[in-house]
Structure formats: structure tokens, C-alpha cells
1. Convex hull volume of the Cα atoms in the chain, per residue, in Å³?
2. Where does the Debye-calculated log10 I(q)/I(0) of the range 1-82 sit at q = 0.12 Å⁻¹, using only Cα point scatterers of equal weight, no solvent?
3. Given N residues in the range 150-203, what is Rg(Cα) / (2.2 N^0.38 Å)?
4. How big is the gap, in Å, between the Cα center of the range 30-95 and the Cα center of the range 129-186?
5. In the chain, what percent of the accessible surface is made up of carbon and sulfur (1.4 Å probe, ligands and nucleic acids excluded)?
6. At 10 °C and a viscosity of 1.306 mPa s, what translational diffusion coefficient does Stokes-Einstein give for the range 26-65, taking Rh as the Kirkwood radius over Cα pairs? Give it in µm²/s as a whole number.
7. Express the accessible area of the range 7-158 per residue in Å², computed with a 1.4 Å probe while the remaining protein chains stay in the model.
8. If every alpha-carbon in the range 122-253 counts as one equal scatterer, what log10 I(q)/I(0) does Debye give at q = 0.14, 0.17, 0.20, 0.22 1/Å?
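The values are calculated or read from the model by the stated rules, or taken from the named source; none is laboratory data. Computed from a prediction, not measured in an experiment: that's the story for all the values here. So basically every Cβ, Gly included, is an ideal-geometry build from the backbone, and we count neighbours across all protein chains shown. Remember, those area values only see protein heavy atoms, side chains included, never the ligands or the DNA or RNA. Shrake-Rupley method; radii C 1.70, N 1.55, O 1.52, S 1.80 Å.
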Amino acid sequence: MAKSPQDEHPNKAFGWAARDSSGLLSPFHFSRRENGGDDVSIKVLYCGVCHSDLHLLKNDWGVTDYPIVPGHEIVGVVTSVGNNVNKFKVGDQVGVGVIVGSCKSCQNCEQNLENYCPKLIYTYNGHSYDGAKTYGGYSDSIVVDQHFVLRFPDNLPLDAGAPLLCAGITIYSPMKYYGMTESGKHLGVVGLGGLGHVAVKFGKAFGLKVTVISTSPRKKEEAIDRLGADAFVVSSDPAQLKAAMGTMDYIIDTVSAIHALAPLLGLLKLNGKLVTVGLPNKPLELPVAAIVLGRKMVGGSNFGGLKETQEMLDFCGKHNITAEIELIRMDDINTAIERLEKADVRYRSIEKIHDVIMAFTAPINTQLDSLPVWMTSISWGLYALALVD
């Protein structure tokens, strides 16, 4: 007889889980494994919720294994380490991204591309080496093999830095691989959401001219005045598209909705590169003539491997790059998910967790609970919600 999630492992854990395709999250008691020799136990302080988490909560991709505890942009503090762990010690600030395991021996793993390993283990909605389900960062703790734990820069705020573990590396990896880092070149960013706004910040840090391409004219002031973009193009305005034709060296497309690629290819110079990181649920039409006649490239990219993700975090620490966030209470998680689905969050919504966990394990200190959100969040930590355009 199969053991319940609460009895599967010796260490009790608590989180928020969805039990069916309604995606409704509710308190969930489960368990984590004991520290093995190579394991790091982490107290979760912050966890980003990206748009892919929403798809999995709703089983949009048909692969969700309920119950599901989402969350793969995890930042926390090390509470214990295994005997073989030499990279981390108790008290270190660390991060955990999209995967928590791989075979470590295939060609991809040997090239530090664990994210493309055919046997990779996702942080949640996957299965560990022992066959047990993986549960993500909507929880009070997690146990991870040290190889898949990342050192978090001391100078970055943990709440605003958490989304870098997925959104950040999803942008940084293709920019590095496709050479979108040459100072003075022109980068177009399609979509100004959770991924897009980070792309603007990376582009400026690399010394690029950055133009935001969006369907929403209202985002122009925010893109230029708040995020530092150099220009803004409304993609639904034919005159603006015509004026920008043939001006861009690179375009990074972050949009997950169905949209036309032909106008974007027209914005590229000769030898320009269009790289997509969004995941529309239907195929996009690719105009081959536009590629052939302009010797242009269309590519894609997944999140990065562990070495590259650590490089990205260090880069963000050097350039003080974080996500833009909004604070909410953890017990408003379902409302936050609804807002995410409606694209009603500007860029990251952040929710508290530990006070709500306490509500199920011990009485809350009402005096503390009555404090403003920004004060209580200092004590207990937050969650981050991601959006795309």
C-alpha cells in the first residue's frame, strides 16, 4: 500500500497544494526526506510563481500529477548539510531553481547543461531518484542535492531576487548563447512582463540599446522612465512598426500567447536574430521568406544549467539587478493566482508565507499580524508571482 505524502519521508513539511485542475491552493501537510550525504536542507523564505506554474496548476499541458505544490524560484537559508557537502554551511543564503536533479553523466550534464538532461528532475511535479514525488517552494522547507543549490549574492534582496531563479536565467541564457551581449548593439524585447522587464535590465547592463515592443501603449512610460529602455514600439501600430523596420540586431520574444512573427522579423537587420522563450499552446507561423531573404535566425532557449545560473546570479549581484515586485499576504494566494491569470500584476506579486503557516500550527501574534505588510514581511518572508505581457 502506497504511503501518504505526509508519511512518505521522516521530516514533516507544510505547504500549499492544488488537488485538481481547478488550481485552487489550500494547506497541505507532507514530508521531506532526511539529509543524505550530498544534501542541503533549506528553510524557504521566498519563492517566485511564474506563468508556467499557473499552467501546471490548471493542468493546461496535460502532465500535472496532483496533488501539486508549485514553486521553482526558491530562496532560503541553509539549516543543515550532509557529510559530503563542502559548498555550503548552515546559515548561508541559497537559491533553488527549476530542477533538483539530473543524471550527472550524459553529454549535456558534462557540459553543464543539466537543464537539457533527458533524466532531469523538476523541482516540483517530478519524481526523485527514489521514485518519490517532488514538491516545490510553496512550502516551509526543501531538501536538495548540493549540486543543484545556488549561492545567493549577499547584496541582493531575497524577495526581489527570487524570480531570477527562473525568469532571470530564462532571459540570461539565450542572451549569452546567441551573443546578445555586444555593447552598442540594438535589442528588441517583446512583452514587458515578468520575463520582459528582466530582459530590459540585462540588456542595459550589457550596454545594449533596448527597445520594448508591446501591444500596450500604457507601458511606454514605465518601460522608459522606470526600467531604462531607450525606446518603445507599439506592435499594433503599423506606422511605428514601419519606422522601426530593419533597425534591430536582436529580438528576444517573451510572449506566451499566439502572435505573429512576421512583423518582428521585419524589425531585424541583415543577420538579425529572433529568439523566443515563451511557450504558446499552439504553433506559431514562421514566414520562411523573411528568414531567407534577410539571412536571419529564429531560435529558442530553455532555462540554463547550474553553472550558468550561478554566473547569472553573480552578474545580477554585480549590476544590482532584481525583479520588480508587489507585496501581498500569503493567504491571498488564490486571489493572486487569479490576478496572474488576468495579467493584473506588475511584474511580481509577493506574498508572505510563515505567518500563514503559523496560523495552522500555532496562534498568530495578533499584535504582529496587525502591522503593515512591509513590516511583517521583514520577519517572515515572501512569495513572488511572475507575469508575462
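1. 145
2. -0.41
3. Working it through for the range 150-203, the quotient is 1.20.
4. The two parts, judged by their Cα centres, are 12 Å apart.
5. Answer for the chain: carbon and sulfur cover 53 percent of the accessible area.
6. My calculation gives 120 µm²/s for D.
7. 40
8. -0.73, -0.93, -1.13, -1.28
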